[in-house]
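Readers should treat all values here as calculations from the given coordinates under stated rules, not as data from a laboratory. For clarity, every value in this text was computed on a predicted model and none was experimentally measured. Every residue, glycine among them, receives a Cβ derived from its backbone with ideal geometry; neighbour counts consider all protein chains shown.
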């Protein structure tokens, strides 16, 4: 059984959905990666929120941005799958849904991401190519990647 996907604007998220999204992001990006940073960065209000639910729980998530917000191109960020479900390879489903969401909601095909370096091959498998040298973001090695 796969995930049930939804894409919502910030205003359309229920308080429970927003709470569960922020909890999942904090579990991974703050606790698991041991990185102290302010996750609610002000961009959530500008994003479309893509999330996958399984048995009533949000277990996969990413933000989708139109061009000009995070990068010159449309972009995908805060890509996350609950650690308890990573063995199901739902990260690939999440990226396919995110790329499709960028196309259907923004009419864009060019996408730029700021990827954690260790996920380079994962993103390459979805058609992204490295377009920058490694840089540190919150003390974590990142690279810019683009998909045409």
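Using the Cβ-Cβ distance between residue 100 and residue 26 with R0 set to 25 Å, the FRET efficiency works out to roughly 0.40. Where the centre of each part is set by its Cα atoms, how far does segment 31-76 sit from segment 107-148, in angstrom? Between the Cα centre of segment 31-76 and that of segment 107-148, the gap is 15 Å. In this structure, residue 72 and residue 118 have a Cβ-Cβ separation that, at R0 = 30 Å, corresponds to a calculated FRET efficiency of about 0.75.
Annotation: extensible slack from residue 14 through residue 110 equals 31.5 nm (criterion: 0.36 nm per residue apart, minus Cα-Cα distance). Across segment 1-140, the mean sequence separation of Cα contacts (distance under 8 Å, 6 or more residues apart), normalised by length, yields a relative contact order of 21 percent.
With each label modelled as a point 7 angstrom along the Cα→C-beta vector, the residue 148-residue 86 pair spans 3.3 nm.
Once a ≥ b ≥ c are taken as the square roots of the eigenvalues of the Cα gyration tensor of segment 1-58, is the result rounded (a/c under 1.5), prolate (a/b larger than b/c) or oblate (a/b not larger than b/c)? Cα axes put segment 1-58 in the oblate bin.
If you model the chain as an ellipsoid using its alpha carbon gyration tensor, with each semi-axis the square root of five times an eigenvalue, the axes come out at 21, 18, 16 Å, biggest first.
Pairs of Cα atoms nearer than 8 Å and 6+ residues apart set the relative contact order; for segment 69-148 it is 30 percent. The listed peptides 71-83, 112-124, 14-26, ordered by packing as a protection proxy, come out as 71-83, 112-124, 14-26 (highest mean of other Cβ atoms within 10 Å first).
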